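Right, one structure below, let's go through it.
Derivation of every value follows stated rules applied to the coordinates shown; laboratory data play no part. Just so it is clear, the structure is predicted and the values come from calculations on it, not from any experiment. Every residue, glycine among them, receives a Cβ derived from its backbone with ideal geometry; neighbour counts consider all protein chains shown.
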Amino acid sequence: MSTHRSWAEPWKVKMVEHLRMTTRAQRESAIREAGYNTFLLPSRLVYIDLLTDSGTSAMSDRQWAGLMLGDEAYAGSENYYHLEDAVREHYGFREVIPTHQGRGAEHLLSRVAIHPGQCVPGNMYFTTTKAHQELAGGRFVDVIIDEAHDADSSHPFKGDIDLEKLQTLIDRVGAAGIAYVCVGATVNMAGGQPISLGNLRAVRALCARHGIRIFLDATRAVENAYFIKTREPGHADRTLAQILRAMCECADGCTMSAKKDSLVNIGGFLALNDAALAEEARNLMVLYEGLQTYGGLAGRDMEALAIGIAESVDFDHMHARIGQVEYLGRKLLEAGVPITRPIGGHGVFLDAARFLPRLPRDQFPAQALAAALYVDSGVRSMERGGVSAGRDQKTGENLFPRLELVRLTIPRRVYTQAHMDVTAESVIALHRNRDRIRGLKFTHEPRHLRFFQARFDPVEGDCVLVD
Ligand SMILES: *Cc1c(COP(=O)(O)O)cnc(C)c1O
């Protein structure tokens, strides 16, 4: 008898939200009007929305109940203390500064911890993180292992930091030339790839020798903890909560977009151990976010967040969450679609460079593929490649990172396996008909984070996907 058993989601559906179906003609005109940028599509014209896992999760009945317990006091809201307790318990940092979302925390940290001219090494960049580091006068330096830039490497911890690259940087600019090391867990731009606890501890030891601080981008640290538990020898018997604490013990603080791991639609925090640094951050916070006990959030948001943090470390939840991503990824791999491997934590990343090898990089193959996928089936995805990377600050030239990806990001607790089947069928059909996808050129290019608002036209004809 086979011992194999299927798994299923550890929840059932209590309320449904209807999805709208569109025709191909409607989608062709919608994407044209959106300048071939999936960020500019109205969501009412989207069928399955895999743009992002940010703020798109389904909250639990307990979180919704928590909304009713909002203490909307300007100062000292009860919900703030619940949030503080939850962060202290699960992330282990003493000073908790709520922010409206992750980039609010990144702004505060960058302003108080970077002196102009300093380097900020990190395991691959993230868009908003790097932008705030640069606005504060810092210079991001990528010290991730080489395997992370290779979509086809099956290294289990592609988020690891290359200790030699970090040491070389320290030798070159000195410890004083480094603001802090910014460690992403998991690494979004590498395809949701985790960092190992062994590597994080080695980075901690190296930084401790030089008196350099480490700040974690903890946005998906619980997903990272799941990979440590299931992939890294010696951690199988530990809980996600224990592993998360062990990760945070390697850092001096973290920034958090609670719209991801923590299962809320809005929210974030900056958490620190250094009281003096926290004091500086709170000084800026009252200018940019709100009073220190709400930071741009309503009391009810903080309550839902406190509950979401506790739910996020439940193993069955995380097993189903990452299991669903893996389900979609495996279907695509079996059909020969090029995707980033190993399959990441929060999404499946199509390798657009190999998917569309005949499109030159300056025709933005990933942007074109995301637009074509929408036209084919109404599935919304996102470009993560040349458009997201922007231009070199000094030369003004387009940056073309090695990875040219389309991200199919899976919201937590929202879609079923059948939605994954429909998505896979559309991607596989496009892959078979890939010669019908046309490249794109800019018609409008914003200066900051251009991918959000950029507009394009096909380089030839008037549709990105021809029959
Ligand atoms: C989303 C995200 C951020 C920024 O958070 P927002 O809540 O979108 O402002 C920072 N880092 C990573 C890794 C993210 O995925």
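Over the range 115-180, the hull volume per residue, using the convex hull of the C-alpha atoms, is 75 Å³.
Of the chymotrypsin sites (Phe, Trp or Tyr not before Pro) in the range 64-142, the ones in a loop by DSSP (not H, G, I, E or B) with at most 11 other beta carbons within 10 Å are Y74. Among residues other than R407 whose Cβ falls under 14 Å from its Cβ, what is the net charge (Lys/Arg +1, Asp/Glu -1)? Around R407, the charge tally is -1.
Over the range 73-157, what lengths in whole Å, largest first, do the semi-axes of the equivalent ellipsoid take, defined as the square roots of 5 times the eigenvalues of the alpha-carbon gyration tensor?
The equivalent ellipsoid of the range 73-157 has semi-axes of 31, 19, 10 Å.
The charge dipole of the range 414-467, taken about its Cα centre with unit charges on the Cβ of Lys, Arg, Asp and Glu (plus for the first two, minus for the last two), comes to roughly 280 debye.
What order do you get for 128-138, 434-444 when each peptide is scored by the mean count of other beta carbon atoms within 10 Å, highest first?
128-138, 434-444
Shape index of the range 61-312: Rg/Rh, with Rg the Cα radius of gyration and Rh the Kirkwood radius from the inverse mean 1/r over Cα pairs, equals 0.97.
Over the C-alpha trace of the range 195-261, radius of gyration and Dmax come out as 11.9, 35 angstrom. When each of the peptides 361-373, 12-24 is scored by how many other beta carbons lie within 10 Å of its residues on average, the order from highest to lowest is 361-373, 12-24. Here, the range 1-49 is characterised by an Rg to Rh ratio of 1.28, where Rg is the alpha-carbon radius of gyration and Rh the Kirkwood radius.
Taking the Cβ of K331 as the center, what net charge do the other residues with Cβ under 12 Å away carry, scoring Lys and Arg +1 and Asp and Glu -1? For residues surrounding K331, the net value is -3.
Over all pairs of different C-alpha atoms, the chain has a mean inverse distance whose reciprocal, the Kirkwood radius, equals 22.6 Å. Summarising the amide proton neighbourhood of G184: residues at separation of 5 or more, or on other chains, whose placed amide H is nearer than 5 Å comprise N123, D217. Highest average first, the peptides 103-109, 329-335, 306-312 ordered by how many other beta carbon atoms sit within 10 Å of their residues are 103-109, 306-312, 329-335. For the range 382-467, which GluC sites (Glu not before Pro) pass both filters: DSSP loop (anything but H, G, I, E, B) and at most 15 other C-beta atoms within 10 Å? Taking the range 382-467 and a limit of 15 other Cβ atoms within 10 Å, the loop GluC sites (Glu not before Pro) found are E397, E460. When only Cα pairs below 8 angstrom with a gap of at least 6 residues are kept, the chain shows a relative contact order of 23 percent. Farthest toward the dipole's positive end in the range 61-312, which of G70, V183, N224, given Cβ charges of +1 (Lys, Arg) and -1 (Asp, Glu) about the Cα centre? Toward the positive end, the furthest listed residue is V183.
Other residues lying with their Cβ under 12 Å from the Cβ of N37 contribute a combined charge of 0, Lys and Arg counting +1, Asp and Glu -1.
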